[in-house]
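S.K.: One structure, as structure tokens, below. Some questions next.
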Amino acid sequence: MVGLKRANYDAVVIGGGHNGLTTAAYLARAGLSTLVLERRDIVGGCCVTEEIAPGCRASTTSYIASMLRPEVIRDLDLGSHGLRMVRCEPTLQVALPGKITIPWWTDTARAAAEIERFSKKDAEAFLRVDAQLKRLARYLQPFFLEPPPDVGARGFSGLMELLRIAKRVHRISGDEIAQLTALLTGSLGDFLDRNYESEQVKALMLANNVYGKHGGPYQNGTAIGLLFHLLSGGDHDQQGFMGHVIGGMGAITTAMAAAGRKFGVEILTSASVAKILVREGRARGVALEDGSEIGARFVVSNADPKRTFLGMLDACELPDDFRRAIEGIKMAGPSAKVNMVLGEEPRVEGMPSDADPRRRSLFTLVPSLEFAERCYDRAKLGEFSEELWVDCVVASNVDDTLAPSGKHIMTCFVQYVPYQLKEGTWDENRELLGDRVVKMIARHAPNVPSAVEARQVITPLDLERTYGLTEGNIFHGDLVLDQLFFMRPVPGWARYRTPIGGLYLCGAGTHPGGGVTGAPGYNSAHQILKDGKRH
């Protein structure tokens, strides 16, 4: 094929998202000839910075760096390739009715002092719960950068698996096991009701959870986000790290691509893979939509499991039970995005007059647990509410490279909208969604509607069509307990391998799941290299 150095590679990676680029860089660093094929004309997948108006750029999909693994940052030397993150301070902030804003400062004592304005009891509970959750999250942390437990292992291999797990949790107490079990299986709403009395404080805690997930806050399994967001990330391996990326989220994948190229990775854009080539039960390469074929010893898919197995492989290549399991993965993404160019900064009512730009750079609109539950109830019926849960980031307050002086970039993540509308299509309702988001923001920042100079509305259908996310699911599959750990993507195939020899997964549909972490890509690359030594 024109532009490629060879016809056959040790590894071909399908998809140039952040996990695909991470996998490719590690494979190339180990000496494998590696090619990345990206269907769009830019790399980055859903971790991109794109122009939404002349001279104005936004993180169009993912928008905050939270759990990007420090090991990946260090191993790939992303800092030398331009990656720079500024910690969010506060970590998050809610804007509530009554001209109230509550920041969640990274300093726990300072955060507790804010909470004490509403309830002294809740301030005390916050310190206790925060310490408890951070302690429990540390037990999960070691499992993040290694394959999930192999529950099917027998004999000596099974014994080694038990020892590995025991080593990770040998200090855990009986009480902590009970607490961890409750958090993995219980509901966020019940947890907050047990621990806090103030509705405002509950809204603050809610604002950092259940993003991109199915289920209202009172659905079982929604409390797990309390632990996930306290896993470590960033340059300095900090628990609960959240950061603004200078240059937008695309600066992460630009740095990853540069690191990969330094190790010898080839990257081809506008190269859509039509089919994974299989002969005698083993992946042998890929065929592109233009008909050209590229051979490979390993094929690694950064696409979601449904797109990979149901779209790029003939049904006859897969066991029937495996294919049925893939078909059963719960997707139906419940979120959308609205990105705006503003002629002036949002003036949020209740924001202190002395608030610095970092504090003014983010605010979440979700007034209560009941509000969130109602939004989900509408979404599960195929409707989207007039009042929406909106998470706003004014990235230009922290990063002046995104827009000309005097212009502001605001990205808005919208939680609880249906993938499949009960009435009409998303193409027909796109602007209505944008209007409702602006109307919701106007309740707290009345100057915003008249300040909008450009607007981009990305519906769940757009996430599928433009960014390749089946059913618009940003996590390649819902983050629920029966689709996590050794159940992800499906039971029996949770260690990046697939029923087809030489075919691996490296995306968010594998352990440990979604978010811009690099962990699935890291783990997949190490599994491939380990398997390669055996053959």
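S.K.: With axes computed from alpha carbons, what is the tilt in degrees of helix 120-140 against the longest principal axis of the chain, rounded to the nearest 10 within 0 to 90?
M.R.: 10
S.K.: What does a probe at Y139 reach in the stretch 216-246, counting residues whose amide N is under 11 Å from the point 7 Å along Cα→Cβ?
M.R.: No residue qualifies, since no backbone N sits under 11 Å from the label point.
S.K.: Nearest 10 degrees is fine. How inclined is helix 174-185 to the longest principal axis of the chain, computing both from alpha carbons?
M.R.: Helix 174-185 and the main axis of the chain meet at about 90 degrees.
S.K.: Taking a ≥ b ≥ c as the square roots of the eigenvalues of the Cα gyration tensor of the stretch 37-86, is the shape rounded (a/c under 1.5), prolate (a/b larger than b/c) or oblate? The partial results should precede the final answer.
M.R.: Details: a/c = 2.00, a/b = 1.56, b/c = 1.28.
Taking the square roots of the gyration eigenvalues as a ≥ b ≥ c, the stretch 37-86 is prolate.
S.K.: Ok, one more. Filter the trypsin sites (Lys or Arg not before Pro) in the stretch 474-535 down to the DSSP loop ones having no more than 13 other Cβ atoms within 10 Å, then list what survives.
M.R.: When the trypsin sites (Lys or Arg not before Pro) of the stretch 474-535 are filtered for loop state and at most 13 Cβ neighbours within 10 Å, K533, R534 remain.
S.K.: What does the charge add up to near S232, with Lys and Arg as +1, Asp and Glu as -1, over the other residues with Cβ less than 12 Å from its Cβ? Mind showing how you got there, number by number?
M.R.: Working: positive: R69, K134, R138; negative: E71, D235, D237.
So the environment of S232 carries a net charge of 0.
S.K.: Is the stretch 251-383 best put as rounded, prolate or oblate by its Cα gyration tensor, with a ≥ b ≥ c the root eigenvalues, rounded for a/c under 1.5, and otherwise prolate when a/b is larger than b/c, oblate when not?
M.R.: Details: a/c = 3.53, a/b = 1.66, b/c = 2.13.
Oblate is the answer for the stretch 251-383, as a/c is 1.5 or above yet b/c matches or exceeds a/b.
S.K.: With label points built 7 Å along Cα→Cβ from the Cα atoms of L432 and L481, find their separation and express it in nm.
M.R.: Going by the 7 Å Cα→Cβ label model, 3.8 nm.
S.K.: Sticking with this one: Quick check on the chain: of the DSSP beta bridges with both residues there, what percent are antiparallel, nearest 5%?
M.R.: 70
S.K.: Please compare each pair in K213/K380; K213/K330; K121/K213; K202/K330; K380/K422; K337/K439 to a cut-off of 19 Å on the Cα-Cα distance and tell me which ones are over it.
M.R.: Values: K213/K380 12 Å; K213/K330 10 Å; K121/K213 30 Å; K202/K330 28 Å; K380/K422 10 Å; K337/K439 15 Å.
Flagged as over cut-off: K121/K213; K202/K330.
S.K.: Rounded to a whole number, what % of the accessible area of the stretch 89-176 do carbon and sulfur atoms account for, probe 1.4 Å? Provide the component values of the computation, followed by the final result.
M.R.: Working: 2660 of 4590 Å².
Roughly 58 percent, rounded to a whole number.
S.K.: Only loop residues by DSSP count here, and only those with at most 13 other Cβ atoms within 10 Å; note down the GluC sites (Glu not before Pro) in the stretch 405-470 that meet that.
M.R.: Numbers: sites: E423, E428, E431, E453, E464; in loops: E423.
Those satisfying the criteria are E423.
S.K.: Can you give the FRET efficiency to the nearest 0.05 for A131 and D41, using r as the Cβ-Cβ distance and R₀ = 56 Å?
M.R.: On the way: r = 48 Å, r/R0 = 0.85.
It comes to 0.75.
S.K.: Whole number in Å², please: accessible area per residue of the stretch 377-535, 1.4 Å probe, ligands, DNA and RNA not counted.
M.R.: Working: 5790 Å² over 159 residues.
Heavy-atom accessible area per residue stands at 36 Å².
S.K.: For the chain, take the longest principal axis of its alpha carbons; what is the angle in degrees between that and the long axis of helix 155-169, to the nearest 10 within 0 to 90?
M.R.: So the helix axis and the longest Cα principal axis differ by about 20 degrees.
S.K.: Give me the net charge of A287's neighbourhood, meaning all other residues with Cβ under 14 Å from the Cβ of A287; Lys, Arg count +1, Asp, Glu -1.
M.R.: Working: positive: R39, K275, R279, R284; negative: E289, D290, E293, D314, E317.
Charge balance near A287 sits at -1.
S.K.: May I pose another question? For a test of the definition: using alpha carbon positions, the gyration tensor, and the 1.5 limit on a/c, classify the stretch 34-173 as rounded, prolate or oblate.
M.R.: Working: a/c = 2.63, a/b = 1.07, b/c = 2.45.
Oblate, since a/c reaches 1.5 and b/c is not below a/b.
S.K.: Show that you can apply the helix-only estimate: for the chain, add -39,500 (n - 2.57) for every DSSP H stretch of four or more residues, divide by all residues, and state [θ] at 222 nm to the nearest 500. Write out the running numbers ahead of the final one.
M.R.: On the way: 16 runs with 169 residues, N = 535.
Rounded to the nearest 500, the figure is -9500 deg cm²/dmol.
S.K.: For R171, what is the net charge nearby, where nearby means another residue's Cβ is under 12 Å from its Cβ and Lys, Arg count +1, Asp, Glu -1?
M.R.: +3
S.K.: What is the packing order of peptides 146-157, 171-182, 3-14, 217-228, taking the mean over residues of other C-beta atoms within 10 Å and listing the highest first? Kindly include the intermediate steps, with their values, before the conclusion.
M.R.: On the way: 146-157: 13.8, 171-182: 11.9, 3-14: 18.7, 217-228: 21.0.
Packing order, densest peptide first, comes out as 217-228, 3-14, 146-157, 171-182.
S.K.: Right, next: With a cut-off of at most 13 other beta carbons within 10 Å, and DSSP calling the residue loop, which trypsin sites (Lys or Arg not before Pro) in the stretch 378-462 qualify? Please list them.
M.R.: On the way: sites: R378, K380, K407, K422, R430, R436, K439, R443, R455; in loops: K380, K407, K422, R443.
Answer in residue order: K422.
S.K.: Right, here's the next one. Counting only heavy atoms of the protein chains, get the accessible area per residue of the stretch 106-244 (1.4 Å probe) and round it to a whole Å² value.
M.R.: Details: 6220 Å² over 139 residues.
With all protein chains present, the stretch 106-244 gives 45 Å² per residue.
S.K.: Give the peptides 285-292, 245-252 in descending order of average Cβ contacts within 10 Å, highest first.
M.R.: Values: 285-292: 15.1, 245-252: 24.4.
Those peptides, ordered most packed to least, come out 245-252, 285-292.
S.K.: Leaving out ligands, DNA and RNA, and with a 1.4 Å probe, what % of the accessible surface on the stretch 370-491 is carbon or sulfur? Before the final figure, lay out the partial values.
M.R.: Working: 2390 of 4810 Å².
Ligands and nucleic acids excluded, carbon and sulfur give 50 percent.
S.K.: Set the Förster radius R0 to 51 Å, insert the Cβ-Cβ distance between K5 and A182 as r into 1/(1 + (r/R0)^6), and round the FRET efficiency to 0.05.
M.R.: Numbers: r = 54 Å, r/R0 = 1.06.
The computed FRET efficiency comes out at 0.40.
S.K.: Tell me which of A379, N339, S33 sits at the most positive position along the dipole axis of the chain, charges placed on C-beta atoms (Lys, Arg +1; Asp, Glu -1).
M.R.: S33
S.K.: Ignoring ligands, DNA and RNA, what percent of the 1.4 Å accessible area of the stretch 226-308 is carbon and sulfur? Can you show the working numbers first?
M.R.: Numbers: 1340 of 2970 Å².
Percent of accessible area from carbon and sulfur atoms in the stretch 226-308: 45.
S.K.: About the Cα centre of the stretch 39-186, what is the dipole size in debye to 20, counting +1 per Lys and Arg Cβ and -1 per Asp and Glu Cβ, all else neutral?
M.R.: For the stretch 39-186, the charge dipole is close to 200 debye.
S.K.: Along the Cα-to-C-beta direction of N447, a point sits 7 Å from the Cα; which residues of the stretch 59-102 have their amide N less than 14 Å from that point?
M.R.: Of the residues in the stretch 59-102, none has backbone N under 14 Å from the label point off N447.
The values are calculated or read from the model by the stated rules, or taken from the named source; none is laboratory data. Remember, it's a predicted structure, so these values are computed and weren't measured experimentally. Here Cβ is always computed from backbone atoms with ideal geometry, including for glycine, and neighbour counts include all displayed protein chains. Surface areas here come from the heavy atoms of the whole protein model, side chains and all, with no ligands, DNA or RNA. Shrake-Rupley method; radii C 1.70, N 1.55, O 1.52, S 1.80 Å.
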